[in-house]
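Okay, so here's the structure we're looking at.
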Amino acid sequence: MVNLSFITICMAGLIDGINPCAFGTVIFLLSYLSVRQRKQEMMLSFALFTIAVFVTYFLIGFGLFQFLYKTGSYFIVARLFQCVIAGLAFIGSALSFYDAYLAFTKKNKFILRLPDFLQKRIKNAIREKTMTGNIVIASLVLGFLVSIFELNCTGQIYFPSILYMIKTGSAIKGTLLLFVYNVFFVFPLIIIGLLTYSGLSSRKLSGFLTEKIGWFKLVMAFTFLALGILFLL
């Protein structure tokens with residue numbers, strides 16, 4: 001029988017990967033690459049970008065995991081962390097439900113989203129790095145920068161999930177779950193890349209995101225709610 005914590009982490013990583021913040025950035029990147037590069041170059045750039053995202057998120061998560069795991073040896077501090085994160089998860093759930101309502105009523109000024117200045121910085125980084133001559137370095141650096149900029153959004157699920165990993169009680173098991181989480185996090189990126197390579201336009205992908213964003217928000221709301229409950233158990 002598959003362990004419940006494994007299923008929980010797989011689902012959390014996958015849901016974080018289809019987070020509208022991350023989804024929108026990837027679509028913009030692919031649309032920009034498709035204009036500036038041949039198909040083979042575009043897929044190489046996107047593959048390297050995805051690898052950089054995976055490595056960056058894993059290292060950030062591993063550092064936070066190690067810090068919180070050591071802090072967790074102090075019961076009072078660990079319990080305080082759990083209560084705070086549970087509270088934030090419940091707030092995230094409420095805000096995601098509200099964002100879903102805004103999406104279904106066509107009022108798209110969401111609360112849980114990347115601030116405008118970060119969206120602008122990400123798009124500027126994509127434009128600047130894709131204009132450089134070295135595809136390998138540009139793609140890896142871009143993956144790193146986008147990962148850092150998007151933590152404000154993707155970290156809303158990632159950080160509570162890391163704390164949940166610590167509750168498994170084993171550093172080795174927690175690290176394995178962290179690896180699995182990030183595999184599932186980049187899985188939607190891989191699917192989008194393959195769909196684009198097969199001929200699906202970024203315009204259709206963007207239209208799909210716009211059409212289904214309310215459902216994405218609902219899924220995120222229930223994910224936050226589930227994480228909050230798990231922390232209190």
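The values are calculated or read from the model by the stated rules, or taken from the named source; none is laboratory data. Fair warning: this is a prediction, and the values are worked out from it, not measured in the lab. Using ideal geometry, Cβ is built from the backbone for each residue, glycine included, and neighbour counts are taken over all protein chains shown.
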Counting just the residues of the range 156-172 that are among the small types (Gly, Ala, Ser) and either in contact with an Asp or Glu (Cβ under 7 Å, 6 or more places away or on another chain) or in a loop (DSSP other than H, G, I, E, B) (or both), which one comes out modelled with the highest pLDDT? 170
Looking at this structure, is residue 207 surrounded by 16 or more Cβ atoms within 10 Å (Cβ to Cβ), in a helix (DSSP H, G or I) and modelled with pLDDT under 85? no
Would you be able to say whether some residue in the range 93-106 is modelled with pLDDT of 85 or more, under 14 Å from residue 21 (Cα atoms) and of a type in the set (Ser, Thr, Tyr)? yes
Of the candidates 67, 58, 81, the one satisfying the condition of being part of a helix (DSSP H, G or I) and at pLDDT 90 or above is 58
Sort through 200, 194, 189 and tell me the only one that's outside any helix (DSSP H, G or I) and among the aliphatic types (A, V, I, L, M). 200
For residue 112, the lone unmet condition from (1) at pLDDT 85 or above; (2) under 23 Å from residue 217 (Cβ atoms); (3) surrounded by fewer than 22 Cβ atoms within 10 Å (Cβ to Cβ) is (1)
Have a look at 202, 170, 139 and point out the one that is among the polar types (S, T, N, Q) and without any contact (Cβ under 8 Å) to a residue 60 or more places away in the chain. 170
If a residue must be under 13 Å from residue 26 (Cα atoms) and either of a type in the set (A, V, I, L, M) or touching a Pro at 6+ places or on another chain (Cβ under 7 Å) (or both), how many such residues does the range 176-201 contain? 7
